[in-house]
Structures are given as C-alpha cells and as structure tokens.
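Reviewing the structure listed below.
The values are calculated or read from the model by the stated rules, or taken from the named source; none is laboratory data. These numbers were taken from a predicted model, which means no experiment stands behind them. Ideal geometry is used to build each Cβ from the backbone, glycine not excepted, and the neighbour counts take in all protein chains shown. The area values use the complete protein model at the heavy-atom level, side chains included, leaving out ligands, DNA and RNA. Shrake-Rupley method; radii C 1.70, N 1.55, O 1.52, S 1.80 Å.
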Amino acid sequence: MKSGKLKKWSRRAFIGAGTVAGGGFLLGVAGFTFAPSRYSLVSADAAEKGQLTTWITITPDNFITILIPHCEMGQGTPTALAMMAAEELEADWSLVRVQEAPALDAYANGYIVRAAGGNYVPAVMARGVDYGAYKLAEWFGFQVTGGSTAVRSTGEYGMRVAGAAAKEMLVAAAAKQWGVSASECTAKSSRVTHATSGRSATFGELARAAATQPVPTSPALKNPDSFTIRRTSPTRLDIPSKVDGSAKYAIDFTTPGMSMLYAAIEMAPAHGGTLVSVDTTPADAMPGVKKVVKLEEAVAVVADSFWRARRALASLKPEFSDAGHGDVSTASIFAAFDKALGAPPDVPKNAAKVVTADYRAPFLAHATMSPMVCTAKVEGDRAEVWTGVQDPLNARSVAAKALGIPAANVHVTNFLLGGGFGRGLPFNFDYVDLGVRVAKAMSPAPVKTIWSRENDIQHDYYRGAALSRHAGALDADGRPLAAHSNYTGGGNGEAVFMPYAIAAKNAKEKKAVHPIRLGQWRSVLNSQHGFFKESFIDEMAHAAGTDPFEFRRGLLGDQPRFKAALEKAAAMSNWGTPLPPGEGRGIAICESFGTIAAEVAHVAVSPEGRLKVLHVYAAVDCGDVINMDSATAQVEGGIIFALSAALLSEITIKAGRVVEKNFRDYPMIHIADAPKVTTAFIRSDAPLGGLGEPCVPPLAPAVVNAIHAAVGIRVRELPIKNTSLKKT
Amino acid sequence: MAIAISVNGKEHALDVEPEMPLLWALRETLGLTGTKFGCGISACGACTVLLDGRAVRSCTLPSSAANGKHVTTIEGLAQDGALHKVQRAWIAHQVPQCGYCQSGVIMAVAGLLAQIPKPTDDEIDAGITNICRCGTFARMRTAIHDAADSVGVAS
Ligand code: FES
Ligand code: FES
C-alpha cells in the first residue's frame, strides 16, 4: 500500500457538543452526517438521541472520560487513542479514563475509515461493510478493530480533532469568564491559565461553560514537535485488571441474578457438513443435563455447568455428513496448487543465471488464548448477547439474522478479547450465530456456549495454505533482470509488492479452489507472501554471490524509507561481523498496513539440527509512534506470534476435516524458545501505519535466511520443523 | 460428599462431583473467574492455581484432589490490599497484552519463586511452560528476575 493523499473531509461535519448531567461537558463526533450539504452541528441533546459518538466527557470533578470505538485485544489501542485526544486537549494524563463504546450505530467507526480515503482502507475493512439487517450498516456500519486501522484512522481523524476542539472550547469559556482574549489563555495539564492576570481554572471547573461555547469549525492541531503525551510510555490503562484477575472476558460473564445454563457443542467436522443423526439417550440421563439441542450443523448439550455439558456431549456419537469433501486432504490441495501453477514463469532469454524455487505455506489457526464464547438470552423477538468480537455491530446483525429478528432488537455487550489476531473480525462470527441458536432452543434462559479448544482449532477461519513458484534472472554481473512469481492461495498488490528496482517483476495469481474455510490471520496475505518474496530475493542474492543485505540495499535506491529501515536493522544486528560456526543472520523487509518493518534474525543450529532463534532485531517505520512502550510490545508480540507459526504451526486436512485438535498437536513456543527482541522505531513523515501486524511478515523469511547463512540449508516450506536442519 | 477446601483463605464445602476439574468448580461454583480455561488438557497453563503453595493446572485436577487443601487463585494473591511482588513486577514491565494467559502465568511464577527464590534463565525455561499467544515472553522473563530481586511483601 502506498502512502497517498488523504481525502479531504470536513472536521466540522463530525463535531458536536453538549452537556451531561451534573454540569459536565461532552464532545463528540457525529457519525451520520456525511454529505457536506447535510452536515449540521448536532444539538445539545444529541447524546440522548444517540446521534453522537460521544468521545470526550469532562465532569466537574475534573476527570476526562474518553469513549473508544475499538476493542481492546491487547495492543493498547484504547490507551493510544486516548493519548491522541488527550495530547490535543492538553489534558493531565493522570485524570484521563477510557471506556469502550457500546455496540450502537452511533459508534460505528466505519465512517472515519472511509473519510481516510478509499485506497487507504485495507481490504479487510472494505469487506467489513455489512449489508445485513440494519439501516446504517448499508453505508458504513462497522465498528471493527482490525487491519491495523484504529490509530491510523480513528486516532488521526477522530480523536485528535475532538481533543483539539474541546480544548478550544474550554479556553473560550475561560476567556469569556475572565473577560480576556482567548489568545492570551493557555491550556496545559487540564487547566486553563491567563498568565497576565494569574487566573486559572481546571477543565472540570470550566466544563459546564465550555459546553455552551460554539464548536470550532476547524480546530488547530498541535505541531508534533510540541507533543508531550504522545511518544512517551504511559502505563496502559487495562493492565492492572489483567494482573489481579478482575479483567472480564466473554467467558467470565454471568447473568446477574439469573441462573445460567452452559452449552458444549460438537460441529460437523467437515465444513459445510450437517448433522445426520444423534441418539441423545446417553446424555439425557446424565446429571445436570437440561437438553440436547440439535442444530443443522451441530449438536449441543445444555447443562447446569460447562463441565457437565461437556461430559454428556462426550457420551454422544453424532453422525455428520462430510458435505462431499471426504477426499479433500492437504496432499490433494497442494497437488491442485501445483497443477494450477504449471511451469515456472518465463525469464529473459539473455540471463546469465536463472534461479527458480517453490515455497509452501500451510493452513494456520488463530488459536486465540481465549476460546470462542457467546452467551445469549432470547425472549420472543428480542435478544441479549454477551460476547467478545472485533466488531460488535456486525456481531449484532449476525445474531439478528440467525434469530430472524430485527437488529434493533438485539443488544450486544462486548467483552475483552483474549487475543484477536483476526479471528474476531466480521464474517467470522459463527460462535455468535451458533450461540444464539442454542439459546433460542432454551428460551428464555440465558445460555453460555463455550467452545472447547478442540472446537476452536477444528472450526477456525484458517490462514490459507499457499504454494508460490518463482523464477528470477541475473545478468553476468549478478544484477537482477527479473523476479517473477506465480502463486496460489490468494494475494493482493500490497502482499506481492517488492520494493526492489528490478526491471521485470510480475506476480500472478493462479486459482485453485478448495473447501477449507479461510479468514484473516494477523497480517493477512502478507504472512505468506512475505515469506515467499523475501526468501526468493535472498536466493537471488546468493546466486549473484552478493551479501543478502547489500544485494537488497543496492536495489532500494529510490525507496528511501525501505532503505533506511533495512540499514537500521542491519546496523542494530552488527550485520557482517563474524559469528561462531553454526550461527547465522538473515534479513527481510516487508511493508504492510502502511508500515515498513525490517528484521534481522540471529540463529544457531546445532550439529544435530536443533534450531534456536537467539535474537531478532526490528527496525520499524510506522510514521510516528503514539505510545512507545506498547508499540514496542506490539513489535515483540508480532515477532513471537510469527515465530511460533514459522517454527511449529501447521493445520493439516484429512478426509475433509482438520486433523489437529489442541495445543498438543498444534503446539506453541514457550518462554524457553523466545528470542531476545530489540526494536527501533524510525520516525518518518509518512502517515501513521499499523503496528499490530506489520512485524509478522518479515519474521519467517528472516529466520529461514538466517538458517541458510548458518548451515547452508534452504528451507522452502513452513513450518520449519518439517525440514531437517542436520548437515549431511 | 462435599469437598472441603480453603480458597484464598475462605473455607468452602463444594457440592460437586469429585471428578469435576477444580477449574470449573472455582469458576462456575465459586464464581472466581480470574482462573482461565485455555485448553482443558494441561497444555497451556491458563488455569494455573496454587495448591498448598505449589503451582498446578486446575483444568485436569479433580476437585477431590483439593480436598482438605489450600487453594490460592489470582484473586487471592494480593495480601491485605498489597499486590504480590510478581503482580507488581508485571505492572512495572507492562507484561500483559490481551491478558488472558496472565493469571495462569502469574500463578505459575509465584509457585516457581516459592520453590526457587532466584531462578536462573534455565530454571525459568524449565519451570514456566505456559502458552502466551500474544508473545509477552521477553517481558515475563525480565519481570520474573525483577520480582525475584525485590524484597516482597508476600512471597
Ligand atoms: S486450561 Fe489448563 S492447562 Fe490449559
Ligand atoms: S497476553 Fe494474550 S495470551 Fe498472553
């Protein structure tokens, strides 16, 4: 994705202000008035009417509450967004509180994404537009947290403007009270001061008066050089509750004052399969069991405890159809990929040297730490849903559709997510769909459907498997003439983009269909293509007899951001200095979601072929950083997430169904396997890029390139564990 | 017969099947939801609690095995309102991301430090085998060393 001009939009159209009970101040951004001709500043009772995305409230006790239209999945997004508003507001950070906005139309963040310009909306988001059951959805009704967009869109174009407007109104209120000119007053640390007269008042004291001030049409934003909150590392607001057990995830919800039921489910093992038959007798008689619920594609046991439900479910022998996918396997899928790819792409006839290689990436599950959970209470044509999703609005329409009721009759309460990684994105809400149908069968009792880890691993929306066939050509001096690829498994312009100055570089998709259900997995298609393209350029460097870092660098003359990141990562890792035998460094660089990430992996391979990744150095250009510490944590987390996948993870298919079941056969790395990670951020003038995902794609190629440097073995298939690293 | 256990210093007579894993008795019978379900097969550590001071994975531990014993969950780790030194180190190093694994990790570390007050990196590698999908391992390690070095209120 190239950085481009952001579409112009009217700040004014989005801002409204009003008072809250007790004399507070409320400022927000309205989500309805998009067309310039129709904009109007919303009225003071807009909040009651639900017309306002109420983002900033200042109460007389001087606390500032910021409502965030994105979910907390562990990236510190709410904190970063609040920092952006607080910065412009000149707030005292210690007085800022954050809440997640409820799933209401008014909080849809889609319009902000749209305002940021069509070509800047990642594919994930574009798909997120929901043509479902309720009115606003038609335009821009989604409240999604994914595609690394939160800080880039909501923060840059919502939070900052709201904060700046609120500050101007507070200053105007103070100036009016004191009979002085607003330009003589300054705001700092939640206080407005008039230096000449020595008068000052807190934001809390000014809140009521500020609310009656006209809303500025175009509030001035701070010059980045004067940031005092951004680029620092305030502690994340969600952390205390995550060390004392009080943080609430969907699985922790219990209906107050109502005894709740629990459901355990078994779904048709082959996606698309249906329940043929089940003899419910063994379960019916077991303690605590209320009912065996037969659904089209699943059977659920509802009991008074989850463990009893699961135990009873285990006594059943349901029969499912395989939807005609009985002979689909990993082998059959890759055979179809291979056939679709055919011969390697043509390279120029005048090449002195031709390099060809196939790379293979497996299906992957998200395996979020928290399994999927949905609690629902269905009563007549109304429903309450308690769950954890990356898009509460879309979840609402999924529930409504499953129940055949209007979306307006469904209320969704969203909880903290125990990891997202793309599993909780729109169109992946089968757990909501199933959960409400189970609850409907038990109406009006509230039912909590908890997926087992086995359910989760076997019924995911998988990261797609892919096979990519590359051919490159070098001239007699080792300069690249061409680097082409044909690939299966999906791709897009961003994923296949190579920044290198190579005259001919075509990436062509070849279609080969299979019935495995796919979804967005952290960094999406970049996760496969990063591995393909950055492995191949490394192979070209070796064929040219040039150091892989120098080879890339020489081809980045007109890509200054790439070049700077690459050089930085190399310098951090002491690239080029000697290492003991069996150790090596590998480098890779990818751009995704507006961020360029260069990584160097330093690995050691023992004579027995045991691999240890010792250290990863990451140089990241995401434009600018909001919260330094949580940004660093995202880089570290992205690298570990990618490493687990690169080393170990593989979903395999047999007879149309997923073979792996739980963390024993779909293992994850532990603390013992975790390398040191050193991170550097490069501040560029590029628009803010994402951070949750961009550090994933370069990791696998950096590691396989390092293995090659260490022992001369070229790994062309993930996970790495499938290739022997023992030197022969 | 009811199972007599003390949880976070409070006595309970649990009226559940003896084979019901302690995890579900804690979560659903006693309403202590800080202890998490991650895999149900002792493979991830999200459900770790202390049983008479030793870290155990409660998803496969029958409730009856806790009969007559003291259980400490994440909710009971702080003493008299003061966070345990592991919790404090976790905040100081901003360890959690999604946080879902962290109750279990913190309990596992509390158990480790009770056995080995100053663990080496190798002892940490051997003793902490929890899964963290968010990849907070580097911070965990720093925080463990930090907690080990701190003069803690609770140990
Ligand atoms: S839930 Fe007990 S170890 Fe995973
Ligand atoms: S913090 Fe999310 S799994 Fe560990």
query = Would you say residue A:278 is in contact with a strand residue (DSSP E or B) (Cβ under 6 Å, 6 or more places away or on another chain), under 19 Å from residue A:440 (Cα atoms) and open to solvent by less than 30 Å² (accessible area, probe 1.4 Å)?
reply = no
query = Is it true that some residue in the range A:419-431 is assigned by TED's automatic domain parsing to the domain that holds residue A:289, open to solvent by less than 10 Å² (accessible area, probe 1.4 Å) and over 27 Å from residue A:328 (Cβ atoms)?
reply = yes
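Here is a yes/no grid of residues against (1) within 13 Å of chain B (Cβ to nearest Cβ); (2) within 27 Å of the chain's Cα centre (by Cα); (3) open to solvent by less than 40 Å² (accessible area, probe 1.4 Å):
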{"residue": "A:228", "(1), (2), (3)": "no, no, no"}
{"residue": "A:237", "(1), (2), (3)": "yes, yes, no"}
{"residue": "A:242", "(1), (2), (3)": "yes, yes, yes"}
{"residue": "A:245", "(1), (2), (3)": "yes, yes, yes"}
{"residue": "A:252", "(1), (2), (3)": "yes, yes, yes"}
{"residue": "A:258", "(1), (2), (3)": "no, no, no"}
{"residue": "A:262", "(1), (2), (3)": "yes, no, yes"}
{"residue": "A:271", "(1), (2), (3)": "no, yes, no"}
Those residues of the range B:52-83 which are over 26 Å from residue A:371 (Cα atoms) and among the acidic types (Asp, Glu), in sequence order = B:52, B:80
message = Take the conditions polar (S, T, N, Q), open to solvent by 10 Å² or more (accessible area, probe 1.4 Å) and within 10 Å of another protein chain (Cβ to nearest Cβ) and apply them to residue A:728. Does it pass?
response = no
note = Residue hits (the range A:333-376; within 14 Å of another protein chain (Cβ to nearest Cβ) and among the hydrophobic types (A, V, I, L, M, F, W, C)) are A:364, A:365, A:367, A:369, A:372, A:373
remark   = Within the range B:118-149, residues away from ligand 2 (no atom under 13 Å from the Cβ) and of a type in the set (A, V, I, L, M) come out as B:124, B:126, B:144, B:147, B:148
note = Condition set within 13 Å of ligand 1 (Cβ to nearest atom) and open to solvent by less than 10 Å² (accessible area, probe 1.4 Å), scope the range A:359-373, selection nearest to residue A:658 (Cα to Cα): answer is A:367
request  = Filter the helices (runs of 4 or more DSSP H) completely within the range B:39-155 down to those with at least 2 residues that are away from chain A (no Cβ under 12 Å), open to solvent by less than 40 Å² (accessible area, probe 1.4 Å) and out of contact with any Pro (no Cβ under 6 Å at 6 or more places or on another chain).
outcome  = B:102-115
inquiry  = Given the options A:399, A:376, name the one that is open to solvent by less than 10 Å² (accessible area, probe 1.4 Å), assigned to a strand (DSSP E or B), out of contact with any Phe, Trp or Tyr (no Cβ under 7 Å at 6 or more places or on another chain) and not polar (S, T, N, Q).
reply    = A:376
Residues of the range A:506-537 that turn out to be surrounded by fewer than 20 Cβ atoms within 10 Å (Cβ to Cβ) and more than 18 Å from residue A:333 (Cα to Cα), as a count = 2
inquiry  = One residue is enough: does the range B:5-14 have a residue meeting the conditions within 16 Å of ligand 2 (Cβ to nearest atom), at pLDDT 95 or above and either under 27 Å from residue B:134 (Cα atoms) or not assigned by TED's automatic domain parsing to the domain that holds residue B:132 (or both)?
reply    = no
key: Any hit, the range A:55-64, residues being under 26 Å from the mean Cα position of the chain (by Cα), at pLDDT below 90, more than 16 Å from ligand 1 (Cβ to nearest atom) and within 14 Å of chain B (Cβ to nearest Cβ)   = no
Selection count where residues are surrounded by fewer than 24 Cβ atoms within 10 Å (Cβ to Cβ) and of a type in the set (S, T, N, Q), scope the range A:402-418 = 2
ask   = If you take the residues of the range B:25-38 that are at the interface with chain A (Cβ under 9 Å from one of its Cβ atoms) and touching a residue at least 24 places away in the same chain (Cβ under 8 Å), which of them is nearest to residue B:134 (Cα to Cα)?
value = B:38
task = Go through the residues of the range B:84-98 one by one and say whether even a single one is within 16 Å of ligand 1 (Cβ to nearest atom) and either farther than 23 Å from residue A:371 by Cα or in the same structural domain as residue B:119 (by TED's automatic domain parsing) (or both).
result = yes
task = Hey, can you tell me all the residues within the range A:577-633 that are among the polar types (S, T, N, Q) and without any contact (Cβ under 8 Å) to a residue 12 or more places away in the chain?
result = A:577
query = Quick check: anything in the range A:331-353 under 30 Å from residue A:286 (Cα atoms) and open to solvent by 20 Å² or more (accessible area, probe 1.4 Å)?
reply = no
task = Among the residues of the range A:217-234, count how many are in a loop (DSSP other than H, G, I, E, B) and in contact (Cβ under 8 Å) with a residue 60 or more places away in the chain.
result = 12
task = Considering each of A:619, A:565 in turn, give the residue that is in a strand (DSSP E or B) and under 20 Å from residue A:639 (Cβ atoms).
result = A:619
ask   = How many of the residues making up the range A:641-671 are open to solvent by 10 Å² or more (accessible area, probe 1.4 Å) and without any contact (Cβ under 8 Å) to a residue 60 or more places away in the chain?
value = 5
message = Just to be sure I understand, how many residues within the range A:438-466 are more than 16 Å from ligand 2 (Cβ to nearest atom) and assigned to a helix (DSSP H, G or I)?
response = 7
